[in-house]
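Accompanying notes for the structure given below.
The values are calculated or read from the model by the stated rules, or taken from the named source; none is laboratory data. None of the values given here were measured: they were computed from a predicted structure. Cβ coordinates were reconstructed from backbone atoms using ideal geometry, including for glycine residues, and neighbour counts include every protein chain displayed. Accessible surface areas use protein heavy atoms only, side chains included; no ligands, DNA or RNA. Shrake-Rupley method; radii C 1.70, N 1.55, O 1.52, S 1.80 Å.
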Amino acid sequence: MTATYLDHAATTLVRDEVLAAYGEDLRRLGNPSSVHGPGREARRVLEESRESIAADLGAHPTEVIFTAGGTEADNLAVVGTFHAAVAGTATRRAVAISTVEHPAVLDAAHWLGSAQGAEVTELGVDEQGVLDLDALTAYLAVAGERTAVVALMWANNETGAVQPIPQVAAACAAAGVPVHSDAVQAVGHLPVDFAASGLTTLALSGHKLGAPVGTGALLARRDAALQPVLHGGGQERGIRSGTLDAAGARALAIAVRIAVAEQAAEHARLTTLRDRLQAGVLAAVPDAVVRSAGADRLPGHLLMTFPGTDADAVLFGLDAAGIAASSGSACTAGVTQPSHVLLAMGADQRTARSAVRFTLGWTSTDADVDHALATLPAVLERARAAGRVGAR
Ligand SMILES: Cc1ncc(COP(=O)(O)O)c(C=O)c1O
């Protein structure tokens, strides 16, 4: 039994309020597309949830497209916008993303490149992991007119670095280019106002907020041109077919409502906890390096590299002591590969392999930080010793 969970960016605990409503809704009969009473009741739940999410995130209800999570929302935005652009004007075949995107955007864009004839450009980041705005400006000057979509995440899942979304949205608007943001890690942790953001589309995911895995949404401006990725019954304005998930929609709406209501207080609380963890580790392990320390970071994120160690050995030692952390993106965890995010920030392969991510969330407490601080030095010492033996 894991006593201390420091992997909230991978997924977080479903909230009690969500669980209660979800359990109730799962026992409710009725397809929201059916015209009979139970169907209309399910439709009411769905539409009220849509309104609630829209109100909490600065969107109009018609701008909320329910999806089965963040990956689907990102794919719909990147692939759907590209296909709409190509259908509208065959000259817009370019796609620009940052080098630090989550695979849900990175791989979707590269699939467009390999299978759909897109011209894909990766825009670099600085050593803090923040987009190089000059690179974007230069890119738009040359390729803006042939660009279908630009995608930049709101905050990075590994480092927590917050990206310059207002500047990017303004630059893309001036160039007449749609802009997508993967805000899966940002919603609930930072203020997110879709209308004010200037974005064309924005992805969010329920399981990062205390709703079940498989819930999520794409916010898409009413004038956003999007072609569907899933074809079928024509639900969600024909953009996202598939039987509507009223229970999941309400679960997502409740999780968003709580996370947004508590966002400011949680930001302060988690920053204090994270900073104590960071300072404590640095005091005990002076050669540890905090990544993106100079950037504006998500409050619960702490990515550190530990020279002379392999993240797998550290995570194994922590796990044995009842502490769950991660080596970076959970989506690639389990496969020992250096983080593409750290490599993009200029780290070498060895350093990138030594990265451990601690992420705090709504259930995190002082006791979690104490446990990690009491455990980590010895775990690192053993991991270093194992590294020395392995190097012989
Ligand atoms: C930044 C980011 N984007 C997208 C995703 C994928 O979301 P989901 O797990 O809901 O498909 C994740 C999940 O790890 C993420 O952190």
- At a 1.4 Å probe, what is the % contribution of carbon and sulfur to the accessible area of the chain? 56 percent
- Per the C-alpha gyration tensor (a ≥ b ≥ c, the square roots of its eigenvalues), region 15-106 is rounded if a/c is under 1.5, else prolate if a/b beats b/c, else oblate; here it's prolate
- Query: Counting alpha carbon pairs within less than 8 Å and at least 6 residues apart, what relative contact order, in whole percent, applies to the chain?
  - Reply: 23 percent
- Task: Would you mind classifying region 1-157 by shape? Square roots of the alpha carbon gyration tensor eigenvalues, ordered a ≥ b ≥ c; an a/c under 1.5 is rounded, otherwise it is prolate if a/b is larger than b/c and oblate if not.
- Result: oblate
- Note on the structure: In Å², rounded to a whole number, the accessible area per residue of region 16-258 with probe 1.4 Å is 38 Å²
- Message: What does the net charge come to around residue 36 if you take all other residues with beta carbon closer than 14 Å to its beta carbon, with K and R at +1 and D and E at -1?
- Response: +3
- Message: Based on alpha-carbon centroids, what's the gap between region 120-158 and region 211-235 in Å, whole number please?
- Response: 24 Å
- Message: Quick check on the chain: take the gyration tensor over C-alpha atoms, sort the square-rooted eigenvalues as a ≥ b ≥ c, and tell me if it's rounded (a/c under 1.5), prolate or oblate.
- Response: oblate
- Note on the structure: Using a 1.4 Å probe on heavy atoms of the protein chains only, the accessible area for residue 254 in Å², nearest 10, reads 40 Å²
- Query: Ranked highest first by the average count of other Cβ atoms within 10 Å around their residues, in what order do 274-285, 104-115, 181-192 fall?
  - Reply: 181-192, 104-115, 274-285
- Among 345, 298, 358, which residue has its Cα positioned farthest towards the positive end of the charge dipole of region 276-373, with +1 placed on the Cβ of Lys and Arg, -1 on the Cβ of Asp and Glu, and the dipole taken about the Cα centre? 345
